[in-house]
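Right, one structure below, let's go through it.
Laboratory data are not the source of any read-out in this text; all were calculated from the coordinates shown. Remember, it's a predicted structure, so these values are computed and weren't measured experimentally. Reconstructed Cβ throughout: ideal geometry from the backbone, glycine too, with neighbour counts over all protein chains shown.
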Amino acid sequence: MAPIAFRNKSTITLSYVIATPDGGVFVWINDLSSALRSTNHDADHYIAPTVKNETYCKNVLFVTGPEGVYSGAVRTLPIKDHDGNVKAAGYTHGFGYYEIRCKLPDVEGIWHAFWMMCGNVYSVENGSTDGVEIDVFEYLPALDAVNVALHWDGYDEAHKNAHKRYEKTKLADGKYHTFGMNWDESGYAFYIDGRKVWKSTGDGVCYENGYMKISTEYGEWGDWVGKLDLKDLPVDWVIDYVKIYDKK
C-alpha cells in the first residue's frame, strides 16, 4: 500500500504492526450478528432517538444516514432501564489493541468515527490519567482526512486535546480498511491498515476502562466535514468487525 499523502504533497512512511501485537490474545469480537444486539451494545441517537438507523445483514453492520436530520451510533455502554437498573452488561475494557474494519463512504457532510470513553472524561483534576476520550479514528470527508485524537478535562473551558491528522488519504475507495489503537502503559499508538501513524500519552496514560462507540453524525461540523447533498442519501457506512486483543 502506498504511503498516505499530505495535502502539501509530502508523505509519511508508516511502520508495520502485526495483526495481534506482541502475540496478543484475542479477547473480544463483535461480529455484529443479531444475537449480540441486546447484550453487547445499544443504540444511541443524537437528534431523532425514536428512529433507529442501524441494520444488520449477515454479520455486517450498516450505519445508515437517511434523508432527514438525524444520525446515530452503537455503543457498548451498559444498557439501563428508566429506573437506572442495568438490563445488559454491555462491554468495557482497558489496556489492549483495538481494531475496526470498515468501508468509508465517499460522501461529504457525514462524519464517521470509532472512539472510546474511558473513566471520567469530565474530571479536570488529574489530567488524562482518570479519564480520556480516545478517537481511534474519525473520517473527515471534505478533506479526505483521518484524524486520531485524545480529549480530556471535560469539554468546557478546561478541555485539552492532542491529535494528528492525515489528509488526502484516498481511503474512501469502496474497499475495507482497518483502523487500530494499542493502549498500554507507554501510551496510545494509532494504526491505519496496520501501519503506525502516531503515538501519544496525552496528559498521562489513563488506567480506567472504557466503552466503545461507533458513530455516524450529521451536522454543521465546518469545512473539514463539508455540506451534505441530500441527493447522496441514503449513505451506508459498512462495518465488518470490531476486535480487541490483550497481551499475554
Residue separation between Asn126 and Lys80 times 0.36 nm, minus their alpha-carbon distance, gives in nm 13.7 nm
Count neighbours as other Cβ atoms within 10 Å of each site's Cβ, and list the trypsin sites (Lys or Arg not before Pro) in region 199-247 that are DSSP loop with at most 15 such neighbours.
Lys227, Lys247
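Sort 178-186, 152-160 by packing, meaning the average of other beta carbons within 10 Å per residue, with the highest value first. Don't skip to the end; give the middle numbers.
Details: 178-186: 19.1, 152-160: 14.8.
Descending packing order for the listed peptides: 178-186, 152-160.
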Once you have the Cα-Cα distance between Asp229 and Glu185, take 0.36 nm times their residue separation minus that, and quote the gain in nm to one decimal.
11.5 nm
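R0 = 25 Å: FRET efficiency of Tyr207 with Asp173, Cβ-based, nearest 0.05?
Details: r = 38 Å, r/R0 = 1.52.
That gives a FRET efficiency of 0.10.
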When the Cα centres of region 135-180 and region 188-240 are compared, how far apart do they sit, in Å?
5 Å
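Show me the ranking of peptides 129-142, 93-106 by mean Cβ neighbours inside 10 Å, starting with the highest. Show your work: numbers first, answer last.
Numbers: 129-142: 22.3, 93-106: 19.6.
For the peptides 129-142, 93-106, the packing ranking is 129-142, 93-106.
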With a 10 Å radius around each residue's Cβ, average the other Cβ atoms per peptide and rank 116-125, 162-171, highest first.
116-125, 162-171
Global geometry of region 148-212, whether rounded, prolate or oblate, following the gyration tensor of its Cα atoms and the 1.5 cut on a/c:
prolate
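May I ask which of Lys80/Lys103; Lys168/Lys227; Lys164/Lys243; Lys170/Lys243; Lys196/Lys231; Lys175/Lys247 have a Cα-Cα span longer than 27 Å here? Let's see the in-between values first.
Details: Lys80/Lys103 31 Å; Lys168/Lys227 18 Å; Lys164/Lys243 23 Å; Lys170/Lys243 24 Å; Lys196/Lys231 36 Å; Lys175/Lys247 29 Å.
Violating the 27 Å limit, Cα to Cα: Lys80/Lys103; Lys196/Lys231; Lys175/Lys247.
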